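First comes the structure, then the notes that go with it.
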Amino acid sequence: MAEPSRVIHIRNVGHEISETDLLQVVQPFGAVAKLVMLRTKNQALVQMEDLSASISAIQYYTTIQPSVRGRNVYLQYSSHQELTTDQSSHGRNPDQDEPNRILLVTVHHMLYPMTVEVLHQVFSPYGFVEKIVTFQKTAGFQALIQFQSRQSAIQAAGALHGRNIYDGCCQLDIQYSNLSELQVHYNNDRSRDFTNPSLPTEQRPRSSQLGYNDPSLFGFQQPGAAYGQMGQAAVIAAAFGGTLPPGVTGTNDRCTLIVSNLNSDKIDADKLFNLFSIYGNIVRIKVLRNKPDHALVQMADGLQAELAIHYLKGAMLLGQKLEVNFSKYPSITPAPDAHDYSTSNLNRFNSNVAKNYRHCCAPTKIIHISALSPEISEDAILEHLGEHGTIVKSKLFEASGKTQALVQFESEEEATEALVCKHASKLEGSTIRISFSQMQNI
């Protein structure tokens, strides 16, 4: 037997075997310093952090035959005592530096916005992520992701390189960075230091500069079917602070809801659209002719349907307490009495997806109004909404160069009526947008 070495030589490593697979073979014995895949030879070299870990692994596998993905692999001491940078260049990507705790990630085919939250949700299962910095380069959207340990970075790179965050798009191309430490000055959508939450946020430019606000970019390619592959609810869970609301699984595939106990004298498909579109994109809505206090609402995906049930069950709408459940029908068949919203630019989740999930909440007393005319007066807004209930307080303000307003009603029911009746209505030439505000008071 060769002289003991920190470097273990692994043979019969088929193309179906990944770096992560090999890490699972040797990591129980100690930390891995370097891992090099010699793809053309069906071999790999693994350097353990210390000699005792290497000796333990070799001793164990002389009595047990390791098998990876159905293929026997063979471990022995390498003639090398240490892996050099030259040898590392035979690794996963020839122009990469040796493994480092900082990864350079390029996202190809990016149909949905990437934020720090999304990247954190995708990379954090492999270890503690200390810092993330994102930027736009000619190569496309890129991010630097700093793990606490090199081990975690190696695992993440091995598991995620070449994978899609969403079905058919947002492909991850991962290399090791040659930086030793990331400098983060602001905690916002573009950069984050998870070890220093007290950093300022800085004024962020509008995301429309990146061109994501154009619904035609997506057509109706909703991130519904798309939240696959890397965990159905990555973006959404991130938007909700890391965990989904209670009872929302993120794995449901039923998209159509039955809504009952409606006020049949006052309700119509557009009013239901205005309310349910807060929780996801709407495909079709059908008020049932034979049961006018019932309606079917088809959401773009099962997760959005779950959110609508979670937040709207028991809500008061036009004097009636809503009942919202999954329908036995998988979808609403196109028909003259089924209103089709699949191409509507009023759907809220055509852009700023993560932000819209962040705004999901049960009906509140305060509504937020945007897309207002710059010259609008507070009185004009109050006159437009006053018929729906008692307005307690209001505030007109400017944010990101846009005129916006907050209006507080006496009850959630009054605020809900104002939203369903006046979202997407015209006010002084502008089609206004209304959502519930999560603020406690104005």
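Points to keep in mind about this one:
- Rounded is the label for the range 256-350, because a/c, from the alpha-carbon gyration tensor with a ≥ b ≥ c as root eigenvalues, stays below 1.5.
- Residue-span extension gain [residue 395 to residue 169] - 0.36 nm each, minus C-alpha spacing: 77.3 nm
- Dipole size of the chain about its Cα centre, with +1 on Lys/Arg Cβ and -1 on Asp/Glu Cβ: approximately 700 debye, rounded to the nearest 20.
- Against the main long axis of the alpha-carbon atoms of the chain, helix 412-422 sits at an angle near 80°.
- Extreme residue, positive dipole direction of the chain, given options 125, 288, 42 (C-beta unit charges): 42
- Rough spin-label spacing in nm, given labels placed 7 Å along Cα→Cβ, for residue 16 and residue 411: 6.4
- Note on the range 7-77: with charges restricted to the Cβ of Lys and Arg (+1) and Asp and Glu (-1), its dipole about the Cα centre is near 280 debye.
- Per-residue ³J(HN,Hα) for the range 63-74, Karplus 6.51 cos²θ - 1.76 cosθ + 1.60, θ = phi - 60°, Hz, x for Gly and Pro: 9, 10, 7, x, 10, 10, 6, x, 10, 5, 10, 10
- Taking each residue as 0.36 nm, the span from residue 441 to residue 337 lengthens on full extension beyond its C-alpha to C-alpha distance by 33.4 nm.
- Divide the volume of the convex hull around the Cα atoms of the chain by the residue count and you get 170 Å³ per residue.
- Cross-link reach list, lysines versus residue 321, counting only Cα pairs under 23 Å and skipping chain neighbours closer than eight places: 266, 271, 286, 291, 313, 365, 422
- If R0 equals 56 Å, the separation of the Cβ atoms of residue 431 and residue 49 corresponds to a calculated FRET efficiency of about 0.35.
- Label sites at residue 323 and residue 72, each approximated as a point 7 angstrom past Cα along Cα to Cβ, lie 6.5 nm apart.
- Net charge contributed by nearby residues that have their C-beta within less than 12 Å of residue 26 (K/R +1, D/E -1): -1
- Electrostatic tally near residue 155: other residues with Cβ closer than 12 Å to its Cβ, Lys and Arg +1, Asp and Glu -1, net 0.
- When the chymotrypsin sites (Phe, Trp or Tyr not before Pro) in the range 105-154 are filtered for DSSP coil states and for at most 10 other beta-carbon atoms within 10 Å of their beta-carbon, no site remains.
- Å² per residue, accessible surface of the chain at 1.4 Å: 45
- Apportionment of accessible area to carbon and sulfur, the chain, percent (1.4 Å): 48
- Over all other residues within a Cβ to Cβ distance under 14 Å of residue 378, the charged ones net out to -3, with Lys and Arg as +1 and Asp and Glu as -1.
- Charge dipole of the chain about the Cα centre (unit charges at C-beta), most positive-ward option of 148, 13, 405: 13
- Angle in degrees between helix 302-312 and the longest Cα principal axis of the chain, rounded to the nearest 10: 50
- Amide H contacts of residue 176 (H built 1.01 Å from N, in plane; Pro and chain starts excluded): 97, 104 sit under 5 Å, all sequence-distant by 5 or more or on other chains.
The values are calculated or read from the model by the stated rules, or taken from the named source; none is laboratory data. Since we're looking at a predicted model, the values are computed, not measured. For neighbour counting, all protein chains shown are included, and Cβ atoms are generated from backbone atoms with ideal geometry for every residue, glycine included. Please note that ligands, DNA and RNA were not included when accessible areas were found on the heavy atoms of the full protein model with its side chains. Shrake-Rupley method; radii C 1.70, N 1.55, O 1.52, S 1.80 Å.
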